[in-house]
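Okay, structure first, notes after.
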Ligand SMILES: Nc1ncnc2c1ncn2[C@@H]1O[C@H](COP(=O)(O)OP(=O)(O)OP(=O)(O)O)[C@@H](O)[C@H]1O
Ligand SMILES: [Mg+2]
């Protein structure tokens, strides 16, 4: 069911009527990815129903760009398939030599430099063959995805569309927006020859509801339909992919599924997007990668620098990405859908992704951005090698702790520990910070990290201070095994100055809830917690 394309169909119907009267023309069908060019092209032969119109079709594909004259062959093959006897015997039979020249695999059509060697007479000959066929019945020539047509075919198309007089034909070419490639001059020639340019519009909310009805067999809730319309921005490909994924997951079009609509990332759509991204020119791919890495809220200046673009190149590339259909708005570096982000990420290798995150971290750091922003980038890099990385991660952990996010702080600190540059006391300090962050949600890990830190500390005072970081929970409620406080680590502490030990014990006793310092504890070194009146009782 093709929705809201009546205007485009009417335009092609009018062009066909004019062609039948001898006024041939080229119609260009443009628009971003997934807007429905192919669906519309497939619908066009219906216009010929009941009329004496011959339809020739060809679809170009990225993988067939090296297939010389692939598109021309498809067009003429469909001519032969349509009426073999007639064509062989009458018209095309006369052009036999020409066909052998053009379609024989033995004839090299490109020289070593890749330039087309197809003789002029072959160009004219093919056109004459079409003219002869169109004398009997008007032709509707459909070429989809002009951006991927092989160079020799494109040359012939550029030749043909400028010489449509004398034919009775309408050529309709689908061309995806925002496509640039070295063969652009020929593409430009075809585009410039178009009499009509059709740009199918995004589907309205009403059409979105119809698609939902068609997919689920029932009309969807208003909120559901609105969420679908908003998420897909009226793009039929996005809409259908999301709905198909919902249906496969057994979900119904109800208001309760609004969140699912917003968060779905259909794998098929991701692959299609990734494929289309791969054939984009380098700047577009770099900018898409920069947006994926820095996020849609990033400042344009930083995005441009990460993508290696100057301000003018940045704006032009942003426009290209929007034309391709990857961005939500023209001058806004924000992806249309979360699945675009996935597609961009999946089109990068792991090494590329790490390199970009590392570069983003450096860019943010040198531009004085908050530690947590820099840390978020460092988290995606296995080994950054920046001398400032550990300090940034520490500062980010501090910020996270202050805003009450100890798990995030612990993640930053764990990442900092991976930095090979740290050893000795520096590493111990990190372990202690990590243990402190973990105290509230993972006391066992906290204890483990303290016990790893203590042997790295050089003075008894530091070791004692480290021990004091252990959560009271783990001291009081831990399993019935000697706590590191009581036996294992203290053995390595060595005899400290007596007043330090006392102070440490006093505080430690207080933390455990004894309230007043226990005299027996104070006197012992290493500390024996079993001597504490309260804790010792609870352990017995
Ligand atoms: N007007 C429409 N009404 C309903 N469904 C549509 C409409 N246009 C397209 N579709 C559906 O949307 C999906 C994508 O359409 P289509 O493949 O034609 O887009 P496209 O513009 O050719 O995409 P691409 O840029 O990848 O070539 C298809 O499932 C198609 O059936
Ligand atoms: Mg298409």
Distance between the stretch 218-282 and the stretch 118-132 - C-alpha centres, whole angstrom: 46 Å
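Rounded to the nearest 0.05, what FRET efficiency is calculated for residue 301 and residue 421 with R0 set to 35 Å and r the Cβ-Cβ distance? Kindly include the intermediate steps, with their values, before the conclusion.
Details: r = 31 Å, r/R0 = 0.88.
Efficiency computed from Cβ-Cβ geometry: 0.70.
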Neighbour-count ranking [beta-carbon atoms within 10 angstrom, fewest first] of 78, 241: 78, 241
Pair residue 262, residue 351: separation of 7 Å Cα→Cβ label points (nm): 4.0 nm
Two-decimal log10 I(q)/I(0) for the stretch 254-395, as the Debye equation yields it once each C-alpha is a single scatterer, q = 0.14 Å⁻¹: -0.68
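Taking Rh as the Kirkwood radius computed over C-alpha pairs, what is the Stokes-Einstein D of the stretch 159-254 at 4 °C in a medium of viscosity 1.567 mPa s, expressed in µm² per second?
Values: Rh = 16.4 Å.
The estimated diffusion coefficient comes to 79 µm²/s.
With N residues in the stretch 331-412, what two-decimal value do you get for its Cα radius of gyration over 2.2 N^0.38 Å?
On the way: Rg = 14.1 Å, N = 82, 2.2 N^0.38 = 11.7 Å.
So the Cα radius of gyration is 1.20 times the expected 2.2 N^0.38 Å.
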Ranked packing of 128-135, 49-56, most packed first, by mean Cβ within 10 Å: 128-135, 49-56
Overall Cα dimensions of the stretch 271-348 - principal axes, largest extent first, Å: 30, 23, 21
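Counting only C-alpha contacts under 8 Å and six or more residues apart, can you give the relative contact order of the stretch 176-248 as a whole percent?
Working: 39 pairs, mean separation 20.6, N = 73.
Reported as a whole number, the value is 28 percent.
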Contour minus Cα-Cα distance for residue 165 and residue 248 (0.36 nm per residue): 24.8 nm
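Subtracting the Cα-Cα distance from 0.36 nm times the residue separation, let me have the gained length for residue 121 to residue 338 in nm, one decimal. Write out the running numbers ahead of the final one.
Details: separation 217, 0.36 × 217 = 78.12 nm, distance 5.16 nm.
Gain on stretching residue 121 to residue 338: 73.0 nm.
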Rg and Dmax [Cα atoms of the stretch 205-264; Å; Rg one decimal, Dmax integer]: 9.5, 24
Cβ-Cβ FRET estimate between residue 6 and residue 223, R0 fixed at 41 Å, reported to 0.05: 0.90
Span from the the stretch 17-70 Cα centroid across to the the stretch 362-400 one, whole angstrom: 53 Å
Difference of contour (0.36 nm per residue) and Cα-Cα distance, residue 329 to residue 210: 40.3 nm
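Between residue 383 and residue 312, what FRET efficiency comes out of the Förster formula 1/(1 + (r/R0)^6) with R0 = 45 Å and r the beta carbon distance, rounded to 0.05? Working shown, then result.
Values: r = 36 Å, r/R0 = 0.80.
Rounded to the nearest 0.05, the efficiency is 0.80.
Quick one: order 63, 12, 293, 258 by neighbouring beta-carbon count within 10 Å, fewest to most. Provide the component values of the computation, followed by the final result.
Details: 63 8, 12 23, 293 26, 258 18.
Lowest count first: 63, 258, 12, 293.
Relative contact order for the stretch 232-317: what is it in percent, counting Cα pairs under 8 Å that are at least 6 residues apart?
Reported as a whole number, the value is 21 percent.
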Rough spin-label spacing in nm, given labels placed 7 Å along Cα→Cβ, for residue 14 and residue 461: 9.0 nm
Relative contact order computed over the stretch 266-403 (Cα-Cα under 8 Å; 6+ residues apart), in percent: 22 percent
Footprinting exposure proxy for 451, 421, 263 (fewest neighbouring C-beta atoms within 10 Å first): 263, 421, 451
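The numbers here are math on the coordinates, done by the rules we state, and not lab data. Every value quoted in this text rests on a predicted model; they were computed, and no experiment measured them. So basically every Cβ, Gly included, is an ideal-geometry build from the backbone, and we count neighbours across all protein chains shown.
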